[in-house]
1. Could you list all residues from segment 41-64 that are β-branched (Val, Ile, Thr) and open to solvent by less than 60 Å² (accessible area, probe 1.4 Å)?
2. Residues to consider are Glu65, Glu43, Glu58; find the one that is in a helix (DSSP H, G or I), in contact (Cβ under 8 Å) with a residue 40 or more places away in the chain and over 14 Å from Pro11 (Cα atoms).
3. Test each condition in (1) at pLDDT 95 or above; (2) open to solvent by less than 60 Å² (accessible area, probe 1.4 Å); (3) within 15 Å of the chain's Cα centre (by Cα) for Ser38 and report the one that comes out false.
4. Does segment 1-21 contain any residue that is modelled with pLDDT under 95, over 10 Å from the mean Cα position of the chain (by Cα), surrounded by 11 or more Cβ atoms within 10 Å (Cβ to Cβ) and in a helix (DSSP H, G or I)?
Amino acid sequence: MNNNNEISKTPNNFEDCFTQLEKIVRELESTNLTLNESTELFERGVILAKKCESILCEVNTRVKEISDKFTEAHAMDEIV
């Protein structure tokens, strides 16, 4: 499996990455695959899982920033 090629085909949004990851899991669980095919699917799954994790980390950071801004604004309202 060409890792650079697989990364370039990785969707940029969480929903598409997760959908592809779910499809891979179902295929690994329900299909008679060769060891090589299973390994390639597993590698693709790891790439997608890491992309999902990265997206979730970015969203978590953004939510924390928004929450912090709200908390700061609310604190300023109480001072005034």
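1. First, the residues of segment 41-64 that are β-branched (Val, Ile, Thr): 46-47, 55, 59, 61, 63.
Of everything in segment 41-64, those that are β-branched (Val, Ile, Thr) and open to solvent by less than 60 Å² (accessible area, probe 1.4 Å) turn out to be Val46, Ile47, Ile55.
2. Numbers: Glu65 fails: in contact (Cβ under 8 Å) with a residue 40 or more places away in the chain; Glu58 fails: in contact (Cβ under 8 Å) with a residue 40 or more places away in the chain.
None of the other options fit; the residue is Glu43.
3. Result: Ser38 passes all but (3).
4. So far as segment 1-21 goes, yes, one or more of its residues are modelled with pLDDT under 95, over 10 Å from the mean Cα position of the chain (by Cα), surrounded by 11 or more Cβ atoms within 10 Å (Cβ to Cβ) and in a helix (DSSP H, G or I).
The values are calculated or read from the model by the stated rules, or taken from the named source; none is laboratory data. Here the structure is a predicted model, which means the values were calculated and not measured. We place every Cβ from the backbone using ideal geometry, glycine too, and count neighbours over all the protein chains shown. When the accessible area is computed, the model is the full protein with side chains, heavy atoms only, and any ligands, DNA or RNA have been set aside. Shrake-Rupley method; radii C 1.70, N 1.55, O 1.52, S 1.80 Å.
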